[in-house]
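Here is the structure we will look at.
The values are calculated or read from the model by the stated rules, or taken from the named source; none is laboratory data. Small disclaimer: the values here were computed from a predicted structure and weren't measured. All Cβ positions, even for glycine, are placed from backbone atoms using ideal geometry, and neighbour counts span all protein chains on display. Quick note on the areas: whole protein, heavy atoms, side chains included, nothing else; ligands and nucleic acids left out. Shrake-Rupley method; radii C 1.70, N 1.55, O 1.52, S 1.80 Å.
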Amino acid sequence: MQYQSLPIRFLRLPDVLSRTRLSRSQIYRLEAAGRFPRHVKLGDAVSAWVESEVDQWCTDRITASREVVA
């Protein structure tokens, strides 16, 4: 996946919690299951999520909740 066309913004955990309204443990559980974007290590004790990936995950949840089962 290419990230060069858009400026990359990182979200720290409090921002991810606020945007998704999920708990810390739920985010890590979903991430481990491959159902949430993986965090990026920015340093020895610093990690963050790519903002556009978190936003896409939120959009995908909205789309999935609006789908009509026939």
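With a ≥ b ≥ c taken as the square roots of the eigenvalues of the C-alpha gyration tensor of the chain, please select rounded if a/c is under 1.5 and otherwise prolate if a/b is larger than b/c or oblate if it is not? All intermediate terms of the calculation are to be shown ahead of the outcome.
Values: a/c = 2.14, a/b = 1.42, b/c = 1.51.
Note, shape of the chain comes out oblate.
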Of Phe36, Phe10, which has the most accessible area with a 1.4 Å probe, and how do the rest follow in descending order?
Phe10, Phe36
Quick check: with the 1.4 Å probe, what order do Leu13, Leu42 take by accessible area, largest first?
Leu42, Leu13
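Rounded to the nearest 0.05, what FRET efficiency do Ala33 and Ile8 give with R0 = 25 Å and r taken as the Cβ-Cβ distance? Could you check?
On the way: r = 25 Å, r/R0 = 0.99.
About 0.50, to the nearest 0.05.
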Please return the longest range in the chain lying between exposed loop sites, taking trypsin sites (Lys or Arg not before Pro), DSSP loop only, at most 13 other beta-carbon atoms within 10 Å, and leaving the sites out.
39-70
Looking at the range 16-70, which GluC sites (Glu not before Pro) are in a loop (DSSP not H, G, I, E or B) and have at most 12 other Cβ atoms within 10 Å?
Glu67
Within 13 Å, Cβ to Cβ, of Pro14, how many net charges do the neighbouring residues add up to if Lys/Arg are +1 and Asp/Glu are -1?
+3
